[in-house]
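Novice: The structure follows.
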Amino acid sequence: MKKRAQIVIIGGGVVGASVAFHLAERGVRDVLILERETEQGRGSTGAATGGVRAQFETDINIRMSLYSIDFLKNWEHNCEYDPKGYLFFATTEGQFDYLRRNVEKQRSLGVRDVSVVDTGEIAKIVPGMNCEDITGGTFGAHDGFINPLAVMRGFAEGALCGGVSMEFGVEVIGLNVENGRITSVETSRGTVECDVAVICTGARAAEIASTADIELPVSPQRRQIVWSRTREPLPEHLPMVIDIGSGFHFRPARDFRGAMKNPVATAPGSDGREVLFAYPDPDETTSIRTDFEDSFIFKVYERAKLRADFLFESEVVRERCRAGLYENSPDHHAILGACEVGGLYTANGFSGHGVMHSPATGRALAEIILDGEASFLDVSCLSLSRFARGELLHETAFI
């Protein structure tokens, strides 16, 4: 393993790979990615459901999404962008007013093809869904799905072609700081000297940052997903469907990891009967657990029963149910940029939006590292220092 690199990126998931890709695009080649697993995608990237959307509440999330969706849609690397849409629905007038206000803001910032829909339109978008208690919703036609592992692979391949190095099976133990600046990264294979270190380790970010006496408010939380097969084929153009009140959501299923190994045998949609559904379980506490519990199946099916017979009557595919880790920040927004230690940067706290915002994140971090600030998009509101200033952001629609 290299004993020195100008820039060390800790974590080889989609975010770390994107930072490396964008640094390589700027001509920086002395970059080393350290990945603790023996292959990429075994962390949160591989457990992601692969949604992308511009339907957010805050300006920064909307702008991050607009840039990222445009990037993914036009990228020469095929990330399997599939604009089937996102449908948010409300069950109270207050929730519906919230969604309508969001649409006004989204349109003002340049989001196209996002609209307010009534219950009749919702019933047409999702045939078979119970709409009796629904007051209305919003639909974003350019929102949809991507393959998280394909996005990660595209960034990694681009970075490696640009001269970046990557080492697998390397555990980062700590960060070494002298006179207020990062000097090296301590690993299971020895010390790597560096001028810059970037923490892109998701749920483990706070642990690593603490070795440099940086308090990074990122906490891990398990999120479980049920994979099922319906009796009849799903609606052909089924979007991501989200209850804005409870966070219960469902979408057509896709085995991204299997597709990476055998694209023909695991084509999207299979016979059109596989579906993912989940909700943010309020009983989950901070932990690094990634085991799937059968008790969650009962919980999520109780919510499915209220929403659609085709969901409630589906058959669980137990071997494909899974769990991953969210890396939550206190305001459910990313933490991007520099900190009190010179040469140390963070890209963490995405709270479930790391894959979809990875293009904007990678470019922003590359510009901050090389130029001192991100010029293509002002991401200063995502700095770590916002917590000390009490300038937290607010986003209701996190799932």
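Novice: Can you give me the angle between helix 148-161 and the longest principal axis of the chain, using Cα atoms only, in degrees from 0 to 90, rounded to the nearest 10?
Specialist: 30
Novice: Would you work out if segment 313-399 is rounded, prolate or oblate? Take a ≥ b ≥ c from the square roots of the eigenvalues of the alpha-carbon gyration tensor; rounded if a/c is under 1.5, else prolate when a/b is larger than b/c, oblate otherwise. Intermediate results must be reported in sequence, preceding the final value.
Specialist: Working: a/c = 2.58, a/b = 1.98, b/c = 1.30.
Cα axes put segment 313-399 in the prolate bin.
Novice: Please report, in debye to the nearest 20, how large the charge dipole of segment 1-79 is about its Cα centre when each Lys and Arg carries +1 at its beta carbon and each Asp and Glu carries -1 there. Each step should come with its number before you reach the end.
Specialist: On the way: 10 positive and 9 negative charges, 67 e Å.
Dipole about the Cα centre, nearest 20: 320 debye.
Novice: Moving on to the next point. Identify the residues of segment 163-182 with backbone N under 18 Å of a label point that sits 7 angstrom from the Cα of LYS3 along the Cα-to-Cβ direction, or state none.
Specialist: Answer for segment 163-182: 176.
Novice: Here's something else I'd like to know. Classify segment 10-62 as rounded, prolate or oblate from the Cα gyration tensor: take a ≥ b ≥ c as the square roots of its eigenvalues, call it rounded if a/c is under 1.5, otherwise prolate when a/b beats b/c and oblate if not. Intermediate results must be reported in sequence, preceding the final value.
Specialist: Numbers: a/c = 3.22, a/b = 1.34, b/c = 2.40.
Judged from the Cα gyration tensor, segment 10-62 comes out oblate (a/c at least 1.5, b/c at or above a/b).
Novice: Sticking with this structure for a sec: Kindly provide the chymotrypsin sites (Phe, Trp or Tyr not before Pro) of segment 316-399 that DSSP labels as loop, not H, G, I, E or B, and whose Cβ sees at most 12 other Cβ atoms within 10 Å. Working shown, then result.
Specialist: Values: sites: TYR326, TYR345, PHE350, PHE376, PHE387, PHE398; in loops: PHE350, PHE376, PHE398.
Those satisfying the criteria are PHE376.
Novice: Can I ask one more? First measure r as the distance between the Cβ atoms of GLU319 and PHE376, then evaluate 1/(1 + (r/R0)^6) with R0 = 30 Å and state the FRET efficiency to the nearest 0.05.
Specialist: For R0 = 30 Å, the calculated efficiency reads 0.10.
Novice: What does the charge dipole of the chain about its Cα centre add up to, to the nearest 20 debye, if the Cβ of each Lys and Arg holds +1 and the Cβ of each Asp and Glu holds -1? Write down the numbers at each step before the final one.
Specialist: Numbers: 41 positive and 56 negative charges, 132 e Å.
In total the dipole reaches around 640 debye.
Novice: Quick one: if you stick a label point 7 Å off each Cα along the C-beta vector at GLU236 and ARG289, how many nm between them?
Specialist: 4.3
Novice: Next question, about the same structure. Residues in segment 321-346 near a label at ARG389, defined as backbone nitrogen under 15 Å from the 7 Å Cα→Cβ point?
Specialist: The answer is 335-340.
Novice: Related question: If I fit a long axis through the Cα atoms of helix 59-74 and take the longest principal axis of the Cα atoms of the chain, what angle between them do I get, 0 to 90°, rounded to 10?
Specialist: Once rounded, one gets 90 degrees.
Novice: Right, next: Running a GNM on the chain with Cα contacts under 10 Å, which residue among LEU377, LEU72, LEU336 ends up with the highest mean-square fluctuation?
Specialist: Ranking LEU377, LEU72, LEU336 by mean-square fluctuation puts LEU377 first.
Novice: Please report the projected area of segment 93-236's Cα convex hull averaged over all directions, in nm². Numbers along the way, then the final one.
Specialist: Numbers: hull surface 59.0 nm².
Value for segment 93-236: 14.8 nm².
Novice: Roughly what % of DSSP beta bridges within the chain run antiparallel, to the nearest 5? Don't skip to the end; give the middle numbers.
Specialist: On the way: 47 of 69 bridges.
The antiparallel fraction comes to roughly 70 percent.
Novice: Now a separate question. Report ³J(HN,Hα) in whole Hz for each residue of segment 226-243, in order, from the Karplus equation J = 6.51 cos²θ - 1.76 cosθ + 1.60 where θ = phi - 60°; Gly and Pro get x.
Specialist: Residue by residue, segment 226-243 yields 9, 10, 9, 10, 8, 5, 10, x, 5, x, 4, 10, 4, x, 6, 10, 9, 7 Hz.
Novice: Over the alpha-carbon set of segment 1-132, work out the extent along each principal axis and list the three values in angstrom, largest first.
Specialist: The Cα atoms of segment 1-132 stretch 63, 31, 28 Å along their principal axes.
Computed from the coordinates by the stated procedures, all read-outs in this text should not be read as laboratory data. Note that the structure is predicted; figures quoted are calculated from it, not measured. Backbone-built Cβ (ideal geometry, glycine too); neighbour counts: all protein chains shown.
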